[in-house]
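Here is the structure we will look at, set down as structure tokens.
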Amino acid sequence: MPSVKHATFTIEKTYDAPPSKVWRAWSDRDEKAAWFGGPEEWGPDEFELDFRVGGREISRGGPPGGAVFSYDATYRDIVPGERFIYAYDMFSDETRISVSLGTVELAAAGDGTRLTYTDHGAYLDGLDTPEEREHGTNELLDALGRVLAGQPATA
């Protein structure tokens, strides 16, 4: 029987990098590809980024022989250097497992940057959960921090 679970979570991270560098890590295709994606053992992901209002971002990948996970986002609002908002769908193979609205806010914090990420999600039919999404988002934001520090994205 179809079901939906609604949830919101917020994650705050502080990076030892100026806001302009953190902004580029999100808005530049090559820089984002360095930290955004599945685990290394999944192999190379398909990745596209058109960072503008109305632009799309697509990422696909999965474990060898397993489901292909897809992230399909559309940017809805961008305030350069400060904030962007995007709507995104997550799929397992061809099955939509969630629909979400994500907001990224950046603010100077001394010589670094405070990033606030807020996610409002609708998790469908028990195929995804808010807990799994928050965990995965934390892992991605940690990978971003490693890349900003000049380290490999994987721990």
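The values are calculated or read from the model by the stated rules, or taken from the named source; none is laboratory data. Every value quoted in this text rests on a predicted model; they were computed, and no experiment measured them. Reconstructed Cβ throughout: ideal geometry from the backbone, glycine too, with neighbour counts over all protein chains shown.
Among the candidates ASP72, ASP89, which residue alone is within 29 Å of SER20 (Cβ to Cβ), surrounded by 15 or more Cβ atoms within 10 Å (Cβ to Cβ) and either under 15 Å from the mean Cα position of the chain (by Cα) or among the acidic types (Asp, Glu) (or both)? Walk me through it before giving the result.
On the way: ASP89 fails: within 29 Å of SER20 (Cβ to Cβ).
It is ASP72.
When the range 77-86 is filtered for residues that are surrounded by fewer than 16 Cβ atoms within 10 Å (Cβ to Cβ) and either closer than 19 Å to GLU46 by Cα or in contact (Cβ under 8 Å) with a residue 24 or more places away in the chain (or both), the ones remaining, listed by number, are ASP77, PRO80, GLY81, GLU82. Kindly establish whether SER70 is free of Cβ contacts under 8 Å to residues at least 24 places away in the same chain and either in contact with a Ser or Thr (Cβ under 7 Å, 6 or more places away or on another chain) or at negative phi (or both). In short, yes.
Scanning the range 91-101 for residues that are in contact with a Gly (Cβ under 9 Å, 6 or more places away or on another chain), assigned to a strand (DSSP E or B) and not β-branched (Val, Ile, Thr) yields a count of 4.
The residues in the range 55-66 that are surrounded by 14 or more Cβ atoms within 10 Å (Cβ to Cβ) and of a type outside the set (Val, Ile, Thr) can be counted, and the count is 7. Among the residues making up the range 1-26, a single one is farther than 17 Å from GLY145 by Cβ and without any contact (Cβ under 8 Å) to a residue 40 or more places away in the chain: MET1.
Within the range 25-64, the set of residues being of a type in the set (Gly, Ala, Ser) and at pLDDT below 90 comprises GLY37, GLY38, GLY43.
Can you confirm whether the range 89-103 contains a residue that is touching a residue at least 24 places away in the same chain (Cβ under 8 Å) and of a type in the set (Phe, Trp, Tyr)? Scanning the range 89-103 turns up no residue that is touching a residue at least 24 places away in the same chain (Cβ under 8 Å) and of a type in the set (Phe, Trp, Tyr). Name the residue that is surrounded by the most Cβ atoms within 10 Å (Cβ to Cβ), counting only residues in the range 101-116 that are over 11 Å from the mean Cα position of the chain (by Cα) and small (Gly, Ala, Ser). Among them, the one singled out is GLY112.
For the range 107-155, what are the residues that are over 19 Å from VAL4 (Cα atoms), assigned to a strand (DSSP E or B) and in contact with a Lys or Arg (Cβ under 7 Å, 6 or more places away or on another chain)? Answer for the range 107-155, where residues must be over 19 Å from VAL4 (Cα atoms), assigned to a strand (DSSP E or B) and in contact with a Lys or Arg (Cβ under 7 Å, 6 or more places away or on another chain): ALA107, LEU115.
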